[in-house]
Amino acid sequence: MSAARSPLALAALVALALAAFAGNSLLARVALRDGGMDAASFTAIRLVSGALVLWALVSLRRAPAARGSGDWISALALFAYAALFSLAYVQLEAGAGALLLFGAVQATMIGRGLAAGERLARWQWLGLLVALAGLVGLLLPGLSAPPPLPSLLMLGAGVAWGAYSLRGRGALDPLRTTAGNFLRTLPMAALFLLALLPRLQVDTPGLLAALASGALASGVGYAIWYTALPSLRRASAATLQLAVPLIVAVAGVLWLGEPATLRLLLAGAAILGGVALVLRAGKPAT
């Protein structure tokens, strides 16, 4: 895990991981908005397949197991992210959803740093204000604004994922910890299914998308990311993730036929540019 990697190998791992993260939004959009899948079924299948793949990867490793395999509070945050994410994508476009998710994740992590006493330089404050202005601009009422309730659900998903990420910092074995947390979400996913039992609906394309989201985009994607992470500087790792909403937005336009509205372009530039300034100007806040 800590062995030096060639720049080409590291770049390939990072590209695969970022593509996998972007894939979650695209697959959810296809299954939930275009297909016949309901949010509870998509969430449950994603979490079950992700848990199976992650634990299979953990079991196949020859490295000695580190202490810790997740906890119930982190699992609750992970489940909240997955459930709200699925509910939001029933109506959201892929690009707008990814921007809202990413903005909320970064705002949560930066806000936690500020609450803990971290200080931002003037350029970082400017970046934070620009990013928040981008989020507000994206959500302002108008013909091209995303629907209010799904937008709030996606912001909630971002807060949950930010909280999960913060709780996972310092894990001795991130892959094993993530696998343990995925397993702990399964009873929650079962309750989610029971709560929405009359609305459950699964079709073949949706089933395949949910399996790909859990097994490949989540399970394999996280494994690749954690393989590359030790070779990346903290600021570099955070900044690289700025590419995820861009990948989703471009793929949404080219693959799913989503409109490239001026609002989305300007809001995306403000959100990503502002967060990049926070991460790169002075001491990173995330």
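The values are calculated or read from the model by the stated rules, or taken from the named source; none is laboratory data. Note that the structure is a prediction, hence the values are computed from the model and not measured. Neighbour counts run over all protein chains shown; Cβ positions are idealised from the backbone, glycine included.
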Handout entry: Given (1) assigned to a loop (DSSP other than H, G, I, E, B); (2) in contact with a Leu (Cβ under 6 Å, 6 or more places away or on another chain), number of the condition Leu87 does not satisfy
Key = (1)
Practice task
Go through the residues of the range 207-217 one by one and say whether even a single one is more than 21 Å from Ala20 (Cα to Cα), of a type in the set (A, V, I, L, M) and over 19 Å from the mean Cα position of the chain (by Cα).
Solution key: no
Exercise for the section: Please work out if Pro150 is surrounded by 16 or more Cβ atoms within 10 Å (Cβ to Cβ), within 23 Å of Met109 (Cα to Cα) and at pLDDT 90 or above. Expected result: yes
Practice task
Kindly provide the set of residues from the range 90-111 that are within 26 Å of Ala190 (Cβ to Cβ) and touching a Leu at 6+ places or on another chain (Cβ under 6 Å), ordered by number.
Solution key: Val90
Fill in the blank from the handout: When the range 84-107 is checked residue by residue, the ones that are more than 13 Å from the chain's Cα centre (by Cα) and either over 26 Å from Gln201 (Cα atoms) or surrounded by fewer than 23 Cβ atoms within 10 Å (Cβ to Cβ) (or both) are Val90, Gln91, Ala107
Problem - Some residue of the range 242-249 being on the phi < 0 side of the Ramachandran plot, free of Cβ contacts under 8 Å to residues at least 40 places away in the same chain and surrounded by fewer than 17 Cβ atoms within 10 Å (Cβ to Cβ) - result: no
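Every residue, every condition in (1) without any contact (Cβ under 8 Å) to a residue 24 or more places away in the chain; (2) in contact with a Ser or Thr (Cβ under 7 Å, 6 or more places away or on another chain); (3) under 28 Å from Gly268 (Cβ atoms); (4) not small (Gly, Ala, Ser), yes or no:
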| residue | (1), (2), (3), (4) |
| --- | --- |
| Ser41 | no, no, no, no |
| Gly50 | no, yes, yes, no |
| Leu54 | no, yes, no, yes |
| Ser59 | yes, no, no, no |
| Ala77 | no, no, yes, no |
| Gln91 | no, no, yes, yes |
| Gly97 | no, yes, yes, no |
| Ala107 | no, no, yes, no |
Completion exercise
Within the range 165-184, residues more than 14 Å from Tyr222 (Cα to Cα) and assigned to a helix (DSSP H, G or I) come out as Leu166, Arg167, Leu183, Arg184
Handout entry: Filter result for the condition that a residue is more than 27 Å from Leu47 (Cα to Cα), within 20 Å of the chain's Cα centre (by Cα) and in a helix (DSSP H, G or I), over Gly134, Gly156, Gly162
Key = Gly134
Exercise for the section: Could you tell me whether any residue of the range 249-263 is modelled with pLDDT of 80 or more, in a loop (DSSP other than H, G, I, E, B) and among the aromatic types (Phe, Trp, Tyr)? Expected result: yes
Problem - Flag if Leu47 is crowded, with 24+ Cβ neighbours inside 10 Å, within 30 Å of Gly257 (Cα to Cα) and at pLDDT below 95 - result: no
Exercise for the section: Evaluate the following for Tyr226: is it within 30 Å of Ala133 (Cβ to Cβ), aromatic (Phe, Trp, Tyr), within 18 Å of the chain's Cα centre (by Cα) and assigned to a helix (DSSP H, G or I)? Expected result: no
Problem - Residue satisfying all of: in the range 166-211; touching an Asp or Glu at 6+ places or on another chain (Cβ under 8 Å) and of a type in the set (S, T, N, Q); surrounded by the most Cβ atoms within 10 Å (Cβ to Cβ) among these - result: Asn181
